[in-house]
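Undergrad: First, the structure itself, so that you have it in front of you.
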Amino acid sequence: MYQTSTSSALSAGSPEILSPRNSLLFWRSFLVSSMLLFATLLPNLSRAQTSLTIGTGTSTSSYYPIYTFYGYNYSQSTYLASEIVAAGATSGTPGYISSISYNLATYYTSWPTYCKDWVVYMGNTSKSTFSGTTDWVALSGLTKVYDGTVTPTGTGWVKITFPTAFYWDGTSNLVVAVDENTAGYTSTMPWRTTTKTGTRSISYYSDGTNPNPSSPPTANTSYAGTPNIQIDYTPATPCSGTTVGGSAV
């Protein structure tokens, strides 16, 4: 149950200027209401953001989230709710994801020329594995969380901070899609990944065709694993009770 708020308006017969006694009553009521509201919000303010690491494998893949040896890319990977919980989230508790980081194993200085234009999507999904190379999560089930440049300066975690945090519902699996739109290609720069059971990632890449996420082509490759990620995560705390506003005089 989430917080509701009620308040009463000034009556039509209220004088334009309050008497000293009525003025005191008004401000006392206002202060009491403000204190009640602050007490209600305090639990939310105290919930700290934490960094969750999902995937600790040391193997690498050239394809996920992007394949730098090709000009255009579109990939999707699934992360199970159980994996998010194992990384530190509370089971059944929704939360907000404000960033995602990928672990780059090899870096070349040509990156900013050929690999920088990214659009990132996330979605709550019941899908755990992909049944084939056309089994994409539809764009209607995704939320665009980032549209801009990604320019790492070396190997290690490459962090992408979202303008608006993504709401994870606490029980669904998470799908992450990356659409890379910079023309041209460079040397292969692999990513740290973790092997899984079943097809957990699919990818399309091309030098000549920039895939449209609303109708992606058949994927070139699939993978029984996922790229390692870190997410900045803040639990969402539902408000309880009803805040009652004071009566203005």
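Undergrad: Normalized C-alpha radius of gyration of region 104-249, against 2.2 N^0.38 Å?
TA: 1.30
Undergrad: Show which aspartates and glutamates lie in cross-link reach of K116 when reach means a straight Cα distance below 16 angstrom and same-chain residues fewer than eight apart are skipped.
TA: Within the straight-line limit of under 16 Å, K116 reaches these aspartates and glutamates: D147, D179, E180, D207.
Undergrad: If you plug each phi of region 164-176 into the Karplus form 6.51 cos²θ - 1.76 cosθ + 1.60 with θ = phi - 60°, what whole-Hz ³J(HN,Hα) values come out, in order, with x for Gly and Pro?
TA: Values, residue by residue: 10, 5, 8, 8, 8, 7, x, 10, 7, 6, 10, 10, 10 Hz.
Read the figures in this text as sums done on the coordinates, not as results from a lab. Keep in mind it's a predicted model, so treat the numbers as computed, not measured.
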